[in-house]
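A.B. asks: Below you will find the structure I want to go over with you.
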Amino acid sequence: MPSTTDWHPGDDQVVVVRGPKPGGAGGAYRIFGETLRGLKTTFARVVEGTNTIAYPEEKVAVYPRFRGRHRLHRFEDTGLEKCVGCSLCAAACPADCIRVVAAENTPEHRVSAGERYASVYEINLSRCIFCGYCEVACPFDAITMGNDYEMSDYHRSDLIFTKEMLLAEPLERAPIRAEGE
Amino acid sequence: MPRPEPQFITFSIDGREVQAPANEMLVDAAKRGDVEIPVFCYEPKLGAPVGACRMCLVDIEGIPKLQTGCSTPVKDGMVVHTQTKRVKDAQESVLEFLLINHPLDCPVCDKGGECPLQDVSFGWGGGKTRFIEPKRHFKKPLELSPLVAIDRERCILCYRCVRFSQELSEDYQLVLHERGAATFVGTFDGHPYVAPFSGNIIELCPVGALTSRPYRFRARPWDIENSGSVCTLCPAQCNVAFTVRDDRVLRVMARDNDEVDDGWLCDKGRFAYQSVHAEQRIVAPMVRDGGVLREVPWARAIEEATLALKKSGGRVAGLAGGATTNEEGFLLQRLVRDVHGSPHVDSSAGLPRAGLLAMGDPALQATVADLEFAHTVLVLGTEPVDDMPIVDLRLRKGVRRNRMTLAVATSRPSSLDPNAVLSVRYAPGAEAAFVAALSAAFYGGDVDTPARAAGTDAGAVAELAALLRTSGGDEAGDVVVLYGERVLAGGEAVTQPLLKLAGALGLSGRAGAGLLGIPAATNGRGLREAGVVPDAGPGLAELATAGADAAGIAASLTAGDTTVLYLMHTDPLRDQPQRATWDRALDKATHVIAHAGFMTEGIREHATVVFPAESYAEKEGTIVHPDGRLQRLRPAIGRPAGVRAAWQVLDELMRAAGVDTGLHTVHSATRQLFESVPFYAGLTVDTLGGKGLRWWEDEARAAAWPEPAKPGLLATVASSTPTYEAAATPNGALRLGTFKSIWASPEVEASPALKFLHPTQRVELSPVDAERLGIRHGEHVTVGGDGASVAAVAHLRNESPAGSAFLQSGIPEGAANVLEGPLVEIRKAQST
Ligand code: SF4
Ligand code: SF4
Ligand code: SF4
Ligand code: SF4
Ligand code: FES
């Protein structure tokens, strides 16, 4: 092993080119010249007027494919839950934030169309990275990403969304961009 | 038949030169060269391959057609290809065929995620189907039994389940009905598939056709963790993997350890895990207060126990049950002997020290695997399916696959009789006379007298002796005597002729032959070696003063010589004979301190301090298999909040008495135990590993077995004349025999899934006696003797010997131990 002191990088050496040393003419240019160059952009846009959005009174419309808070779905005709509690979404989730505990449907207590249903379905939204893998994994289109992005809360535990919360019709708070907008 | 010696040959697979034992099936041989051939129906545990699914097709040079890798033995110089187009096409077509009728309802299928059909389709399938016609339909899901659900649409007809039922457990219930695409699996008569080993078909089924009802939809493979440990519900000590989700045990699966269980589990081991989370489990310490047990804080319970032990002034006795680990037993005997100076500790080993040493001599030990490869196995006084279930499968395997000769000598008809070459019956309790007769037949002594005393036929005994003598052809081959340790209750009268027999058969020091005792309770052997016997300390060391055994403890409690009884995972009213005697003894005791998981009768009525016991899924420690394998218990889940480890409680009680125990963790207890048992020298929990090890296989450790067990003993024993008591003459009454069903345990009672199997009292008797007494099958009767009686249902068995009646022990109500025997009378119950 050669010691580090006799290491010669040879032609691969990268020469670092440094800017002018502070002070003198170079220093003066850095303070005034570059600052003015930046301000040029600022002043050029002044004529456009203000563009501030007064959130939360006013909201940005999201694209229809925007991945916001999830929704669980029911069949429109029968009202049964589409989710069969297969746990595939939980397997796909890279943040490991979905918990599914399945149970068996009985004739007296039928929740979903298949043999099994999700007796517990929870998503910990404080961990979710909104990747949408769960939606991709679901064989029954039972879970989809909604558009709602307003999910802040005062307690972490309130961000664990239960099946009932995910099944409920969400308050459509996020406006959606129309086609071509 | 002795184990075959493998001969290695060389063959080529996918261009690799691979060494494999000659005649190994290609599928297994390929694995040695890291080549995987997909299979469905092939399962070496099931014996000879059947070639039902055609998934394993391979191309062998010189053979024009593709061959099934699972049923083609490998030959020297064979050239095999698994990656050619022909093989690929065949694999894709086979899968396409298999999936034609397959519902592919993976999302609702319990096998999803751990399904070989999914894996093989993904790895070898074409990924497309051309089938657009309607699929085959069956009604689903159906109950194959209360434990197993069947979905016939998913079945790929691999025969595995049917083969298990027909060829492994030999219950002959599962069959394939109909033909062609309409074939389906079911029981031959349409009744539920109820058998002691039925749960194994769940694990065998390569698809989701057979699934566990208790586990149904509980979790996916990615939701769970598997935690390896050992099942402590019977002496077989099968290696298991607990499936854990959210700190709850949801399933028990076999963890392959061929030397212990061959990869099978009985249904008790597979489903009684439910008792771990049962509501009736004791999860807080209790103290008797005003006649009733009330929950109290730990400090109070410990204080109460400490005070009781202190006030007794050394008049203490300790009794350990089978679920006690070596460490717990070791600490219990320390508490009783060293701390409180009383010699009375027992775990119902049933033999004095000399007997234990002679029977436990390392040179005489046989292993479970020896049962399979011996020339002859003699089953003596035990019903394996009840006493050590998994051994039943091993014996059947030996007979079926390795041409082992099986002989059965019991009082109660055995379920192994149909497999045995010879079955001999003797009167219940006449083991000593029977063994004396057998041994006499060997030495050319008088067979008639002992045979008559044993209530057996001298001719049959002579035949049995001849069978054993010539088991290896002209000479005595490898013989294993598998005996229930209950037969040793006769003490020297049984062990002496038995050892004499062992000497005559040349079992001492012979590999593949020997004695194998089935203890009455799980860790019987470990407790003995840890010193939980009246007259020996840890390592069976000689003691200055011998204490009383269980029966002696009962007498001493009744007489008031002992005032405090310390019960470790045992309820004498359940586990000991002579229930009335124990009832009196416990009543007399001023304090009964018990570690218990469930409120069984004796605990409920007599315990004054109850410490909640850990379940076997929570325990850490070591136990010893009947063949000497030290195994490690590892906790799969945390304890419920109110439960503490038993070693910790014992430690606190010893510290409260002012003793520095030097214990910090359960491992320090293990270390102390291993240090004080000479023949465990040098062992650590790490050397035991996941599969345990037989301590006597190491020569240095075997040599550390205490003296009188050296070969000389066999010689001295051989020269003495045995003494035995004759079996009682029925004289119109019936001899009482007892048996304990595999289902008789508090864990089974606490498992909802096994509810349908709870044993109820039945009396087995022969049709001859029944006719004489005017009793019909299924009739309610009372079995009585000596003023006590139990209610039972008459169960006539054609094979039952006339003159004897058999009652169940170990059940909550009306167990056999209510009666003292040896004779009972059976009467029709008063109609209600
Ligand atoms: S969006 Fe991604 S991170 Fe969030 S729950 Fe679905 S899979 Fe998990
Ligand atoms: S949401 Fe879809 S993927 Fe998740 S459990 Fe339900 S059915 Fe399965
Ligand atoms: S058996 Fe396997 S392939 Fe068939 S539905 Fe079940 S998980 Fe899917
Ligand atoms: S039920 Fe399962 S094990 Fe039995 S034949 Fe069908 S696929 Fe094979
Ligand atoms: S695995 Fe070979 S035919 Fe089934």
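The values are calculated or read from the model by the stated rules, or taken from the named source; none is laboratory data. Keep in mind that this is a model prediction, so the values were computed, not measured. Ideal geometry is used to build each Cβ from the backbone, glycine not excepted, and the neighbour counts take in all protein chains shown.
A.B. asks: Is it true that some residue in the stretch B:703-719 is outside any loop (DSSP other than H, G, I, E, B), under 27 Å from B:Gly514 (Cβ atoms) and at pLDDT 90 or above? Walk me through how you get there before you give the answer.
C.D. replies: Of all residues in the stretch B:703-719, those outside any loop (DSSP other than H, G, I, E, B) come to B:703, B:707-709, B:712-719.
Among the residues that remain, those that are also under 27 Å from B:Gly514 (Cβ atoms) are: B:703, B:707-709, B:712-719.
Now restrict to residues that are at pLDDT 90 or above: B:703.
Scanning the stretch B:703-719, I find at least one residue that is outside any loop (DSSP other than H, G, I, E, B), under 27 Å from B:Gly514 (Cβ atoms) and at pLDDT 90 or above, so the answer is yes.
A.B. asks: I'd like to verify a number: residues in the stretch B:157-196 that are hydroxyl-bearing (Ser, Thr, Tyr), within 24 Å of B:His137 (Cα to Cα) and touching a residue at least 60 places away in the same chain (Cβ under 8 Å), how many?
C.D. replies: Let us first name the residues in the stretch B:157-196 that are hydroxyl-bearing (Ser, Thr, Tyr), namely B:159, B:165, B:169, B:172, B:183, B:187, B:193.
Imposing the further condition that a residue be within 24 Å of B:His137 (Cα to Cα) reduces the set to B:159, B:183, B:187, B:193.
Filter once more, keeping what is touching a residue at least 60 places away in the same chain (Cβ under 8 Å): B:159.
So the count comes out to 1.
A.B. asks: Name the residue that is farthest from ligand 1 (Cβ to nearest atom), counting only residues in the stretch B:57-81 that are β-branched (Val, Ile, Thr) and in contact with an Asp or Glu (Cβ under 6 Å, 6 or more places away or on another chain). First the steps, then the outcome.
C.D. replies: If we filter the stretch B:57-81 for residues that are β-branched (Val, Ile, Thr), which is where we start, we get B:58, B:60, B:63, B:68, B:72, B:74, B:79-80.
Now narrow it down to the ones that are in contact with an Asp or Glu (Cβ under 6 Å, 6 or more places away or on another chain): B:74, B:79.
Numbers: B:Val74: 47, B:Val79: 48 Å.
Out of the qualifying residues, it is B:Val79.
A.B. asks: Under 9 Å between Cβ atoms, at least 6 apart or on separate chains: pull out the pairs that start in the stretch B:238-249 with a residue that is at positive phi and in contact (Cβ under 8 Å) with a residue 40 or more places away in the chain and end on any residue that is small (Gly, Ala, Ser) and surrounded by fewer than 21 Cβ atoms within 10 Å (Cβ to Cβ).
C.D. replies: Short answer, once both residue conditions are applied: B:Asp247/B:Gly638.
A.B. asks: Would you be able to say whether some residue in the stretch A:99-106 is closer than 27 Å to A:Glu172 by Cα, assigned by TED's automatic domain parsing to the domain that holds A:Cys138 and in contact with a strand residue (DSSP E or B) (Cβ under 6 Å, 6 or more places away or on another chain)? Give the steps one after another, and end with the answer.
C.D. replies: Filtering the stretch A:99-106 for residues closer than 27 Å to A:Glu172 by Cα gives A:99-100.
Keeping just the survivors that are assigned by TED's automatic domain parsing to the domain that holds A:Cys138 gives A:99-100.
Subset that is in contact with a strand residue (DSSP E or B) (Cβ under 6 Å, 6 or more places away or on another chain): A:99-100.
Within the stretch A:99-106, one or more residues are closer than 27 Å to A:Glu172 by Cα, assigned by TED's automatic domain parsing to the domain that holds A:Cys138 and in contact with a strand residue (DSSP E or B) (Cβ under 6 Å, 6 or more places away or on another chain).
A.B. asks: Still on this structure, I have one more. Of the numbered conditions (1) in contact with an Asp or Glu (Cβ under 9 Å, 6 or more places away or on another chain); (2) more than 14 Å from chain A (Cβ to nearest Cβ), B:Arg216 fails exactly one; give the number of that condition.
C.D. replies: Answer for B:Arg216: the failing condition is (2).
A.B. asks: One residue is enough: does the stretch B:223-246 have a residue meeting the conditions within 14 Å of chain A (Cβ to nearest Cβ) and under 21 Å from B:Leu117 (Cα atoms)?
C.D. replies: The answer is yes; a qualifying residue exists.
A.B. asks: While we're here: For A:Glu58, are the conditions met, namely being among the acidic types (Asp, Glu) and either within 16 Å of ligand 3 (Cβ to nearest atom) or not assigned by TED's automatic domain parsing to the domain that holds A:Ser157 (or both)? Give the derivation first.
C.D. replies: On the way: among the acidic types (Asp, Glu): yes; either within 16 Å of ligand 3 (Cβ to nearest atom) or not assigned by TED's automatic domain parsing to the domain that holds A:Ser157 (or both): yes.
Judged against the criteria, A:Glu58 is a match.
A.B. asks: Sticking with this structure for a sec: Within the stretch B:99-108, work out how many residues are within 13 Å of chain A (Cβ to nearest Cβ), surrounded by fewer than 18 Cβ atoms within 10 Å (Cβ to Cβ) and β-branched (Val, Ile, Thr).
C.D. replies: Qualifying residue count for the region: 0.
A.B. asks: Right, B:Gly291: away from every other protein chain (no Cβ under 14 Å) and either touching a residue at least 60 places away in the same chain (Cβ under 8 Å) or among the aliphatic types (A, V, I, L, M) (or both) or not?
C.D. replies: Numbers: away from every other protein chain (no Cβ under 14 Å): yes; either touching a residue at least 60 places away in the same chain (Cβ under 8 Å) or among the aliphatic types (A, V, I, L, M) (or both): no.
It is false that B:Gly291 is away from every other protein chain (no Cβ under 14 Å) and either touching a residue at least 60 places away in the same chain (Cβ under 8 Å) or among the aliphatic types (A, V, I, L, M) (or both).
A.B. asks: Quick check, is B:Gln118 of a type outside the set (Val, Ile, Thr), touching a Phe, Trp or Tyr at 6+ places or on another chain (Cβ under 6 Å) and not in a loop (DSSP other than H, G, I, E, B)?
C.D. replies: Details: of a type outside the set (Val, Ile, Thr): yes; touching a Phe, Trp or Tyr at 6+ places or on another chain (Cβ under 6 Å): no; not in a loop (DSSP other than H, G, I, E, B): yes.
In short, no.
A.B. asks: Look at B:Lys111 and say whether it is crowded, with 20+ Cβ neighbours inside 10 Å, within 14 Å of another protein chain (Cβ to nearest Cβ) and outside any helix (DSSP H, G or I).
C.D. replies: Values: crowded, with 20+ Cβ neighbours inside 10 Å: yes; within 14 Å of another protein chain (Cβ to nearest Cβ): yes; outside any helix (DSSP H, G or I): yes.
Yes; evaluated as a whole, the condition is true for this residue.
A.B. asks: Condition test on B:Arg486, is it among the basic types (Lys, Arg) and closer than 21 Å to B:Ala728 by Cβ? Before the answer, list the steps.
C.D. replies: Numbers: among the basic types (Lys, Arg): yes; closer than 21 Å to B:Ala728 by Cβ: yes.
It is true that B:Arg486 is among the basic types (Lys, Arg) and closer than 21 Å to B:Ala728 by Cβ.
A.B. asks: Provide a single number: the residues in the stretch B:774-794 that are touching a residue at least 12 places away in the same chain (Cβ under 8 Å) and surrounded by fewer than 18 Cβ atoms within 10 Å (Cβ to Cβ). Even if it seems obvious, please write down each step before you answer.
C.D. replies: Kept after step one, since they are touching a residue at least 12 places away in the same chain (Cβ under 8 Å), are these residues of the stretch B:774-794: B:774-786, B:788-794.
If we keep only those that are surrounded by fewer than 18 Cβ atoms within 10 Å (Cβ to Cβ) too, we end up with B:774, B:776-780, B:782, B:784, B:786, B:788, B:791, B:793.
Here the count works out to 12.
A.B. asks: Counting just the residues of the stretch B:134-186 that are more than 10 Å from ligand 4 (Cβ to nearest atom) and within 14 Å of chain A (Cβ to nearest Cβ), which one comes out nearest to B:Gly398 (Cα to Cα)? Talk me through it step by step, then tell me what you get.
C.D. replies: Taking the stretch B:134-186 first, the residues more than 10 Å from ligand 4 (Cβ to nearest atom) are B:134-143, B:145-147, B:149, B:153, B:166-173, B:175, B:177-182.
From the residues that got through so far, the ones that are within 14 Å of chain A (Cβ to nearest Cβ) too are B:138-143, B:149, B:153.
Values: B:Phe138: 38, B:Lys139: 39, B:Lys140: 38, B:Pro141: 36, B:Leu142: 35, B:Glu143: 32, B:Ala149: 31, B:Glu153: 35 Å.
Selected residue: B:Ala149.
A.B. asks: Would you list the strands (runs of 3 or more DSSP E) that sit entirely within the stretch A:47-162 and hold 1 or more residues that are more than 9 Å from ligand 2 (Cβ to nearest atom), within 14 Å of chain B (Cβ to nearest Cβ) and among the aliphatic types (A, V, I, L, M)?
C.D. replies: Working: elements: A:70-72, A:98-104, A:116-124, A:143-145.
Those strands (runs of 3 or more DSSP E) span A:98-104, A:116-124.
A.B. asks: Okay, next question. Of the residues that sit in the stretch A:110-138 and are exposed (fewer than 15 other Cβ atoms within 10 Å of the Cβ) and under 12 Å from A:Gly85 (Cβ atoms), which one is farthest from ligand 1 (Cβ to nearest atom)?
C.D. replies: It comes out as A:Ser119.
A.B. asks: Moving on. Where residues in the stretch A:86-104 are surrounded by fewer than 21 Cβ atoms within 10 Å (Cβ to Cβ) and more than 11 Å from ligand 1 (Cβ to nearest atom), which of them is nearest to A:Met165 (Cα to Cα)?
C.D. replies: Among residues in the stretch A:86-104 that are surrounded by fewer than 21 Cβ atoms within 10 Å (Cβ to Cβ) and more than 11 Å from ligand 1 (Cβ to nearest atom), the one nearest to A:Met165 (Cα to Cα) is A:Val101.
A.B. asks: Give me the strands (runs of 3 or more DSSP E) completely within the stretch B:121-226, filtered to those with at least 1 residues that are more than 16 Å from ligand 3 (Cβ to nearest atom) and in contact with a strand residue (DSSP E or B) (Cβ under 6 Å, 6 or more places away or on another chain), ordered by residue number.
C.D. replies: Numbers: elements: B:148-150, B:174-177, B:184-187, B:210-212.
Counting at least 1 such residues, we get B:174-177, B:184-187.
A.B. asks: Consider B:Pro38 carefully, then state whether it is within 16 Å of ligand 4 (Cβ to nearest atom), more than 14 Å from chain A (Cβ to nearest Cβ) and within 12 Å of B:Val87 (Cβ to Cβ).
C.D. replies: Working: within 16 Å of ligand 4 (Cβ to nearest atom): yes; more than 14 Å from chain A (Cβ to nearest Cβ): yes; within 12 Å of B:Val87 (Cβ to Cβ): yes.
When the stated conditions are applied, B:Pro38 passes them.
A.B. asks: So which of B:Glu764, B:Glu813 is of a type in the set (D, E, K, R) and either in a strand (DSSP E or B) or at pLDDT 90 or above (or both)? Steps first, please.
C.D. replies: Values: B:Glu813 fails: either in a strand (DSSP E or B) or at pLDDT 90 or above (or both).
Every option except B:Glu764 fails the conditions.
For (1) part of a strand (DSSP E or B); (2) of a type in the set (Phe, Trp, Tyr), each residue gets a yes or a no:
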site: B:Arg3; (1), (2): no, no
site: B:Thr10; (1), (2): yes, no
site: B:Val18; (1), (2): yes, no
site: B:Val27; (1), (2): no, no
site: B:Ala30; (1), (2): no, no
site: B:Gly33; (1), (2): no, no
site: B:Pro38; (1), (2): no, no
site: B:Tyr42; (1), (2): no, yes
site: B:Met55; (1), (2): no, no
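A.B. asks: Output the number of residues of the stretch B:674-692 satisfying the condition of being crowded, with 17+ Cβ neighbours inside 10 Å, outside any loop (DSSP other than H, G, I, E, B) and touching a strand residue (DSSP E or B) at 6+ places or on another chain (Cβ under 8 Å).
C.D. replies: Qualifying residue count for the region: 3.
A.B. asks: May I ask you to list pairs of residues, at least six apart or on different chains, whose Cβ atoms are under 6 Å apart, with the first in the stretch B:99-123 being over 21 Å from B:Arg213 (Cα atoms) and the second being surrounded by 20 or more Cβ atoms within 10 Å (Cβ to Cβ)?
C.D. replies: Final answer for the pair search is B:Val120/B:Pro38; B:Ser121/B:Leu95.
A.B. asks: Right, another one. Which members of the stretch A:77-89 meet the condition of being within 16 Å of ligand 3 (Cβ to nearest atom) and among the aliphatic types (A, V, I, L, M)?
C.D. replies: Within the stretch A:77-89, the subset within 16 Å of ligand 3 (Cβ to nearest atom) is A:84-88.
Listed by number, the residues that qualify are A:Val84, A:Leu88.
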